[in-house]
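The values are calculated or read from the model by the stated rules, or taken from the named source; none is laboratory data. Everything numeric here is computed off the predicted structure, so don't read it as measured data. Please note: Cβ atoms are built from the backbone with ideal geometry, for glycine as well, and neighbour counts cover all protein chains shown.
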Amino acid sequence: MHISSTTTPQSTAVNSLEPKDGCIASAMEIIGNKWTALILRDLAAGSKRFGELEKSVGNINPRTLSQRLDDLEQHKIITKETTSDSPTRPEYTLTDKGRDLLPVLRQMAAWGTKYYDTSSNC
């Protein structure tokens, strides 16, 4: 997903949320994909293996989960470490950069709680 960060004369005046144009678009490049926020939510509780994430996130295709984990690792949001168990299995853990996203997720949860409507599923 690519989000344009084109500057228009209006965007500078209206854009008081960003210190410079493109910051929100950059964040959305990482966390804007479907399932990514839920993966981060589940890793906030601690390291998890692929199968644990697959169960906790819910109806995610294993290929999609693998892609999202690879993207997050590439952006240094998570690390993938192999355990010494036999057979070896990778565990995924939030990095400091990933933990810096937790306040954003908490705000998303607060917004969802405030506006959640049981008749329309948000």
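Assess whether I77 counts as being within 23 Å of G112 (Cβ to Cβ) and at pLDDT 95 or above. When the stated conditions are applied, I77 passes them. Of all residues in the stretch 89-112 being under 17 Å from Q74 (Cβ atoms) and either of a type in the set (V, I, T) or not in a loop (DSSP other than H, G, I, E, B) (or both), which is farthest from the chain's Cα centre (by Cα)? Per the stated criteria, the residue is P90.
Go through (1) surrounded by 13 or more Cβ atoms within 10 Å (Cβ to Cβ); (2) farther than 16 Å from K34 by Cα one by one and return the number of the condition P103 breaks. Against the list (1) surrounded by 13 or more Cβ atoms within 10 Å (Cβ to Cβ); (2) farther than 16 Å from K34 by Cα, P103 comes up short only on (1). Within the stretch 19-72, the set of residues being at positive phi and touching a residue at least 24 places away in the same chain (Cβ under 8 Å) comprises W35, G46.
Only a single item in (1) in contact (Cβ under 8 Å) with a residue 60 or more places away in the chain; (2) on the phi > 0 side of the Ramachandran plot; (3) not small (G, A, S) is not met by M108, and it is number (2).
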